[in-house]
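One structure is given below, encoded as structure tokens.
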Amino acid sequence: MAQIQGDHRFFQCSQQCTDAVWDATKKIDELYDYLEEHDTIVIPDEMIPRCPHCGAEAFPWVPGYGNFLEGSRYQEQYQKISDDIEKHLHDKHVLFLELGVGRMTPMFIQEPFWALTNNLPGAFDVIVNRNYQFLPAQIEDKGVAIKGDLARVLKDVRAQLGC
């Protein structure tokens, strides 16, 4: 799996003073504990996540919070998915799984998967999303879109397969 749309488990600097992203899980746990303990939705200024390099506010390393950092970690992840796709381009069968992929940035996952599904003879695309059920017309015979909760869909698949 490649993280070309970032990962909520990492922070990045809001000012992009560094190419680095860093673990956010411990800080998120601290913030959650504070909110629970104080029965509030407001945190004190001193608890706001900060960049360890310049002190600017930090935010999750995902698109939508500001300037999404497309630095070395992004480039590494992009290369990882590109290499994997290229490795399997000539396979007899290729299954693309879009599990919970949203519509915020379709150019990263959906549109490439749809184009590959359309152009590769043995490709098939399975889309599972809780909010919508959309399959482009050009791949209607080479894919399926399921509107539903991912955990429930996977449970149903396991039941059908007898796992």
Problem set entry | Residue ID - modelled with the lowest pLDDT, chosen from residues in region 107-129 that are surrounded by 14 or more Cβ atoms within 10 Å (Cβ to Cβ) and assigned to a loop (DSSP other than H, G, I, E, B) | Phe108
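A quick yes/no check of all residues on (1) in contact with a Pro (Cβ under 6 Å, 6 or more places away or on another chain); (2) in a loop (DSSP other than H, G, I, E, B); (3) modelled with pLDDT of 95 or more; (4) not assigned by TED's automatic domain parsing to the domain that holds Ala115:
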position: Asp29; (1), (2), (3), (4): no, no, yes, yes
position: Asp33; (1), (2), (3), (4): no, no, yes, yes
position: Ile41; (1), (2), (3), (4): no, yes, no, yes
position: Glu46; (1), (2), (3), (4): no, no, yes, yes
position: Ala58; (1), (2), (3), (4): yes, no, yes, yes
position: Gly66; (1), (2), (3), (4): no, yes, no, yes
position: Arg73; (1), (2), (3), (4): no, no, no, yes
Exercise. Right, Ala137: surrounded by 13 or more Cβ atoms within 10 Å (Cβ to Cβ) and not assigned by TED's automatic domain parsing to the domain that holds Ala2 or not?
Worked result: no
Problem set entry | When residues of region 54-86 are limited to those that are among the acidic types (Asp, Glu) and within 16 Å of the chain's Cα centre (by Cα), the one surrounded by the most Cβ atoms within 10 Å (Cβ to Cβ) | Glu70
Exercise. In this structure, is His38 touching a residue at least 40 places away in the same chain (Cβ under 8 Å) and more than 30 Å from Asp84 (Cα to Cα)?
Worked result: no
Problem set entry | Selected residue (criterion: nearest to Ile81 (Cα to Cα)) from residues of region 1-18 that are in contact with a strand residue (DSSP E or B) (Cβ under 9 Å, 6 or more places away or on another chain) and in a loop (DSSP other than H, G, I, E, B) | Gln3
For this session: Being modelled with pLDDT of 90 or more, β-branched (Val, Ile, Thr) and not assigned by TED's automatic domain parsing to the domain that holds Ile4 narrows it down to one of Val157, Val153, Val101, so name that one.
Result: Val153
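The values are calculated or read from the model by the stated rules, or taken from the named source; none is laboratory data. Remember, it's a predicted structure, so these values are computed and weren't measured experimentally. Here the Cβ is made from the backbone with ideal geometry for all residues, glycine too, and neighbour counts use every protein chain on show.
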